[in-house]
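Asks: Can you read through this structure? Questions will come right after.
The values are calculated or read from the model by the stated rules, or taken from the named source; none is laboratory data. All values derive from a computational prediction rather than experimental measurement. Methodologically, a virtual Cβ is constructed for each residue, glycine included, from the backbone with ideal geometry; neighbour enumeration extends over all protein chains shown. The protein model used for the area step is the full one, side chains on, heavy atoms only, and it has no ligands, DNA or RNA in it. Shrake-Rupley method; radii C 1.70, N 1.55, O 1.52, S 1.80 Å.
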Amino acid sequence: MSLEVAARLQLGSLDLDVELTAKPSEVLAVLGPNGAGKTTLLRVLAGLEPLDGGRLVLDGTVLDDPDQGRFLPPERRPVGFVFQDYLLFPHLTVLENVEFGLRSRGLPRTRAREWLTRVGLDDLAQARPGALSGGQAQRVALARALATEPRLLLLDEPLAALDATSRAQLRRELTRHLATFSGIRLVVTHDPVEAAALADRVVVLEAGRVLQSGSHQDITARPRSRYVADLAGVNLWRGQAEDRQVRIDGATLAAIEAHQGEVFVTVQPRAVALFRNRPDGTPRNVWQGRAIGVDYLGERARVRLEGGLPIVAEVSRAAVDDLGLAAGAEVWIAVKAAEVEVYPA
């Protein structure tokens, strides 16, 4: 079982041009900012949006190939879709909602009761969707999608409609249910925690293109855009390297590894030290800055600084008080060369 995607589509202001593959039994998380094309990609795979160009192949079966005039309609694709708002039919019972997908594909309706039992909702078979909690509605939508035994399962922000209290518990439930499905799973999410918990591999979309692909650890360790850097919580710049020096917008950072040409540079906020006076000692990167904002995270605080090189530092609440880090406070910023990560752009 495999999925090969070469999807080209112009939809309003979105210019989608995505190439990716997925292996048998793989869980693939698709991350990206609003408007990146994540949901459109799922709709293309489901057959709800035909391609302008490219090719979709699932297990050797061509789903869409406009150059060859081939297009398999949604009802004939072995694809299950769990929509962000679940799209349960309000006039049907829970059981009838699950049966709907089976009827549309000519499959035995007896599977519906079996799947309700598997997701722990057999006692609500005759309830209407309006009587369900968010988590129960999610499980009904998942059962409806899985009952047809699809080879590809698409989930569009599966936890977005849930409150923060129930999200962690239902993430664990969703992980367990997905583990029972042997096909390929694509999960669209904005949440890096969900991506890390649910997926084997992460694909980052920006402006309709694949920007990065790899494990969650690989993606966050070496971000290639501001969006990914913000998800990872690291400082990111793009600059020009020459030996062990990187020029960034008129400033220069020293690193311990030599590079040449255009590079990305990251610094962890916890590696940024702040001082009232110019520090003595060994830091090779020292400059003056000004605090422009402080965001508290429990007993830690993230201090946004402007100056020779804008940067975010993470310090303790006590350090905020000791340094008087109100907006406008002048400080010295120090980063050891060993804490400067450089990699090719």
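Asks: Tell me the net charge near Arg244. Cut-off is 10 Å between Cβ atoms, Arg244 excluded, with +1 for each Lys or Arg and -1 for each Asp or Glu. Please list the in-between numbers first.
Replies: On the way: positive: Arg284; negative: Glu242, Asp243, Glu257.
Overall, the nearby charge balance is -2.
Asks: Under a point spin-label approximation (7 Å from Cα along Cα-to-Cβ), what is the Arg290-Ser316 distance to one decimal in nm?
Replies: Placing both labels 7 Å beyond Cα along the Cβ direction yields 2.9 nm.
Asks: Can you give the FRET efficiency for Glu242 and Leu107, using 1/(1 + (r/R0)^6), R0 = 41 Å, r = Cβ-Cβ distance, to the nearest 0.05?
Replies: Efficiency computed from Cβ-Cβ geometry: 0.05.
Asks: Follow-up. When ranked by the protection proxy of mean other Cβ atoms within 10 Å per residue, highest first, what sequence do the peptides 327-338, 291-302, 119-130, 88-99 form?
Replies: The packing order, highest mean first, is 88-99, 327-338, 119-130, 291-302.
Asks: Sticking with this one: How large is the translational diffusion coefficient of the stretch 257-338 in µm² per second when you combine the Kirkwood radius over alpha carbon pairs with Stokes-Einstein at 25 °C and 0.890 mPa s?
Replies: Approximately 185 µm²/s, per Stokes-Einstein.
Asks: Sticking with this one: Starting from 0.36 nm per residue, how many nanometres of slack lie between Leu87 and Ser182 once their C-alpha separation is accounted for?
Replies: Full extension from Leu87 to Ser182 adds 31.8 nm.
Asks: Tilt of helix 134-146 relative to the longest C-alpha principal axis of the chain, in degrees (0 to 90, nearest 10)?
Replies: Relative to the chain, helix 134-146 is tipped by roughly 60 degrees.
Asks: At 1.002 mPa s and 20 °C, plugging the Kirkwood radius over alpha-carbon pairs of the stretch 201-345 into Stokes-Einstein gives what diffusion coefficient in µm²/s? The partial results should precede the final answer.
Replies: Values: Rh = 16.0 Å.
Approximately 134 µm²/s, per Stokes-Einstein.
Asks: What ranking do 137-149, 215-227 get when scored by the average of other Cβ atoms within 10 Å per residue, highest first?
Replies: Highest mean packing first, the order is 137-149, 215-227.
Asks: So what is the accessible area of the chain per residue, in Å², with the probe set to 1.4 Å? The partial results should precede the final answer.
Replies: Values: 16120 Å² over 345 residues.
Per-residue accessible area for the chain comes out at 47 Å².
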